1. Looking only at region 230-256, count how many residues are at negative phi and either at pLDDT below 90 or not in a helix (DSSP H, G or I) (or both).
2. Any residue in region 311-334 that is under 27 Å from LEU349 (Cβ atoms) sitting within a Cβ distance under 7 Å of a residue that is part of a loop (DSSP other than H, G, I, E, B) and charged (D, E, K, R)? List the pairs, counting only those 6 or more apart or interchain.
3. Restricting attention to region 145-155, does a residue exist that is on the phi > 0 side of the Ramachandran plot and modelled with pLDDT of 95 or more?
4. Can you tell me how many residues in region 277-306 are touching an Asp or Glu at 6+ places or on another chain (Cβ under 6 Å) and either closer than 15 Å to GLU228 by Cβ or free of Cβ contacts under 8 Å to residues at least 40 places away in the same chain (or both)?
5. Out of all the residues in region 259-282, which are assigned to a helix (DSSP H, G or I), crowded, with 21+ Cβ neighbours inside 10 Å and of a type in the set (Gly, Ala, Ser)?
6. Quickly run through region 88-136 and pick out the residues that are acidic (Asp, Glu), over 22 Å from the mean Cα position of the chain (by Cα) and surrounded by fewer than 18 Cβ atoms within 10 Å (Cβ to Cβ).
7. Of everything in region 381-411 that's over 19 Å from the mean Cα position of the chain (by Cα) and either under 17 Å from ASP159 (Cβ atoms) or among the charged types (D, E, K, R) (or both), which residue is surrounded by the fewest Cβ atoms within 10 Å (Cβ to Cβ)?
8. Of everything in region 185-235, what is surrounded by fewer than 24 Cβ atoms within 10 Å (Cβ to Cβ) and β-branched (Val, Ile, Thr)? Give them in sequence order.
Amino acid sequence: MNQSNILETIRMLDQEKLDIRTVTMGISLLDCIDGDAKISQGKIYDKMMGYCAHLVDHAEKVSRKYGISIINKRLSVTPMSLVVAQSNQDQCVDFAKTLDRVAQESGIDFVGGYSALVQSAMTQTDRTFIDSIPQALAETNKVCSSVNLASSKTGINMDAVKKMGEVIKEAAEKTKDQDSIACAKLVVFCNGVEDNPFMAGAYHGPGLGDACIHVGVSGPGVVKSALEKVQGESFEEVSECIKKTAFKMTRIGQLIGMEVAKSLEIAFGSIDLSLAPTPAIGDSVARILEEIGLTSVGFHGTTAALAMLNDAVKKGGIMASSHVGGLSGAFIPVSEDEGMIAAAKDGILTFDKLEAMTSVCSVGLDMIALPGDTTAATLSGIIADEAAIGMINHKTTAVRLIPVVGKGLGDVANFGGLLGYAPILPVHQGSCEKMVNRGGFIPAPITAFKN
């Protein structure tokens with residue numbers, strides 16, 4: 001590297017908030033399945049601790065070696081609905097507590113994978129497991145949960161859509177004294193991916209090996225700073241600027257991920273280059289969009305600007321690494337982005353605009369606080385809408401909604417840390433209950449048949 005590149009990298013790290021947002025170790029638990037729940041939980045604890053006991057130490061050593069912050073050290077495991085066998089609801093919760101114990105004892109920030117894959121159908125085991133999610137999230141601190149209930153190949157499982165509306169309501173009620181924070185650890189997917197390192201949707205896909213390291217690198221401030229140098233230039237110049245910046249960020253992320261994997265003597269999985277914001281000033285995706293030329297995120301033109309940003313990030317990242325995976329693009333979590341929080345408070349960034357933005361961003365309706373009296377059917381309707389966007393467009397979409405019990409319009413929900421805070425957004429008045437109660441499947445689109 002020449003002197004200019006070295007100085008640029010130092011500036012990205014020190015001034016523009018470039019960091020490794022997460023190093024996530026994925027662990028397969030398929031060989032821990034046992035007809036006896038207690039025996040299975042013992043196997044899970046032993047295997048996970050065997051792999052992750054020193055993850056934090058190794059990650060911090062690599063961080064010090066290169067002077068690059070690694071904000072979170074996380075775990076993801078095989079979707080637990082595949083592991084719990086014929087367990088009852090209370091036993092399922094005990095599995096969640098086992099995951100939480102591992103995270104607590106190893107110093108891990110979050111563990112993802114208390115998850116179910118029901119895009120094709122729900123077995124009785126799946127139903128029991130999904131029923132356990134509210135209690136599991138309420139009684140653990142570091143466990144995250146996800147349910148994949150739709151795909152471009154299978155369509156939308158509307159029975160699961162209805163169920164998840166009810167589950168979100170129950171989870172909100174069980175943690176109502178904490179602004180319904182359990183819902184912040186629960187995400188509903190269409191086209192979920194196996195190698196996502198970000199919470200709450202991380203899980204270790206059944207097609208992956210025993211263990212591997214995934215990296216999520218983030219730097220909205222770096223991209224915004226780069227765009228300040230091309231003010232007034234054409235969109236071709238803006239796109240090129242973003243691609244070049246994403247390339248450099250990806251290179252740094254791959255270096256860190258491969259070093260951590262090597263030190264732990266396990267495989268390197270993938271790097272997820274997602275612009276994941278935080279509530280801190282200077283770490284906002286919204287401010288990138290405003291730098292492109294909007295007076296505020298949410299105004300007309302926002303969706304077009306976001307589409308260009310998301311595409312350029314992917315192109316730049318893929319050129320930098322053969323291991324790009326996960327979601328890789330731009331996240332728009334309302335409570336975790338100070339620019340979006342401000343636009344939502346001002347009434348410029350509305351729920352409907354957020355839904356439109358999800359058709360072109362990396363994920364979906366993320367970390368949105370809703371009135372506590374929002375019905376389960378309304379939540380299910382929102383899930384169905386978002387799943388339809390993902391299914392038709394062959395992209396990952398997700399919903400992380402928090403109906404904050406006891407709060408309404410004009411109130412603010414506080415979740416703390418990276419989860420941030422958010423104004424309560426209104427939902428439309430009316431009902432979709434009759435639609436949700438139809439059940440069955442919304443069929444996959446004709447474009448699903450590619451063989």
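The values are calculated or read from the model by the stated rules, or taken from the named source; none is laboratory data. Nothing here was measured: the structure is a model prediction, and the numbers come from that model. Heads up, the Cβs are rebuilt from the backbone with ideal geometry, glycines too, and the neighbour counts pull from every protein chain shown.
1. Taking region 230-256 as the starting set, the residues that turn out to be at negative phi are 230-231, 233-256.
From the residues that got through so far, the ones that are either at pLDDT below 90 or not in a helix (DSSP H, G or I) (or both) too are 231, 233-234, 244-256.
Result for region 230-256: 16.
2. Hits for this filter: GLY326/ASP195.
3. Taking region 145-155 as the starting set, the residues that turn out to be on the phi > 0 side of the Ramachandran plot are 155.
The next check asks that each one be modelled with pLDDT of 95 or more; those that pass are 155.
Yes, there is a match, as at least one residue in region 145-155 is on the phi > 0 side of the Ramachandran plot and modelled with pLDDT of 95 or more.
4. Qualifying residue count for the region: 1.
5. ALA261
6. Step one: of region 88-136, the residues acidic (Asp, Glu) are 90, 94, 100, 105, 109, 126, 131.
Filter again for over 22 Å from the mean Cα position of the chain (by Cα), leaving 90, 94, 105.
If the condition is that a residue be acidic (Asp, Glu), over 22 Å from the mean Cα position of the chain (by Cα) and surrounded by fewer than 18 Cβ atoms within 10 Å (Cβ to Cβ), then ASP90, GLU105 are the ones that fit.
7. ASP411
8. VAL193, VAL230
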